[in-house]
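Peer 1: Got a structure here, written out as structure tokens. Questions coming.
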Amino acid sequence: MTKYMVIGAGFAFAAAVQPGPLQAYLLSRVAAIGWRKTLPASFSPLLSDGPIAFLALFVLGRLSPFAESVLRAAGGVLLIYLALRVFRQWRNKPAESVEPPARVPRTLVEAALVNVLNPNPYLGWTLVLGPIVLDAWRQSPMRGVAVVASFYATMVVMLGALIFVFGAARFLGPKLQRVLLPVSAAILAVLGIYQLAVSIGSFGRT
């Protein structure tokens, strides 16, 4: 149980601290209306990811064990690639603050729509989180629930923390991101290696 909770929380942490469309939206709203009014938008993944998760699990549940192992290996490669990209970003230049877009959504529902149009949740659920949840569920439904619960609890907490930091002490934003990026890269690399190791073991059993 603990292992799956750590995996879910680690992936959520790495996803939350990296720059992306949702993070850009949240920071733009902090600049426009302040961190207190923006804070509820940290729950937007809970609204947006339901259909994505259902679709991913529906498709994955109908794949052969071999195809599932191939997808899991692809997820491991993706995580290692992302880790290298984040590490290069951290090494080559300081983190820059996100410029607010000209027009930004203004509600929690619209924030969820921003995430629906973001490719990252689809990749994450199809190649990483989906296979892990299915594997955990087959061992015990509680383990599958633990992965999902730890992932979204960590995601909401981290997004809320980023909103607070950029709102209450915005001058710390780039400096904080500079510190968090290598941590994110390390977590992604460890998760990628774990995914590859599990998929290689699965190939041996198929």
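Peer 1: Suppose R0 equals 41 Å; then what is the FRET efficiency for Glu110 and Ala67 from their Cβ-Cβ distance, rounded to the nearest 0.05? Could the numbers behind the result be given before it?
Peer 2: Values: r = 36 Å, r/R0 = 0.88.
Calculated value: 0.70.
Peer 1: Report the local net charge at Gly8: Lys and Arg +1, Asp and Glu -1, summed over other residues whose C-beta lies under 14 Å from its C-beta. Don't jump to the answer; show the numbers that get you there.
Peer 2: Values: positive: Lys3, Arg143; negative: Asp49, Asp135.
Spelling it out: positives minus negatives among the neighbours equals 0.
Peer 1: Tally Lys/Arg at +1 and Asp/Glu at -1 over every other residue whose Cβ is under 11 Å from the Cβ of Leu78; what's the total?
Peer 2: Numbers: positive: Arg72, Arg85; negative: none.
Surrounding charge for Leu78 is +2.
Peer 1: Okay, moving on. Taking the radius of gyration and the Kirkwood hydrodynamic radius from Cα positions alone, what is the Rg/Rh ratio for the range 1-59, to two decimal places? Before the final figure, lay out the partial values.
Peer 2: On the way: Rg = 14.1 Å, Rh = 13.4 Å.
My calculation puts Rg/Rh at 1.06.
Peer 1: Tell me, Asp135, Asp49 in order of fewest to most beta-carbon neighbours within 10 Å? Could you put the intermediate results ahead of the total?
Peer 2: Numbers: Asp135 17, Asp49 23.
Fewest-to-most ranking of Asp135, Asp49: Asp135, Asp49.
Peer 1: Please arrange Ile193, Ile80, Ile163 by counting, for each residue, the other beta carbons lying within 10 Å of its beta carbon, fewest first.
Peer 2: On the way: Ile193 14, Ile80 19, Ile163 24.
Arranged by neighbour count, lowest to highest, Ile193, Ile80, Ile163 become Ile193, Ile80, Ile163.
Read the figures in this text as sums done on the coordinates, not as results from a lab. Worth saying up front: this structure is predicted, and the values here are computed from it rather than measured. Cβ sites come from the backbone with ideal geometry, for glycine too, and all protein chains shown count toward neighbours.
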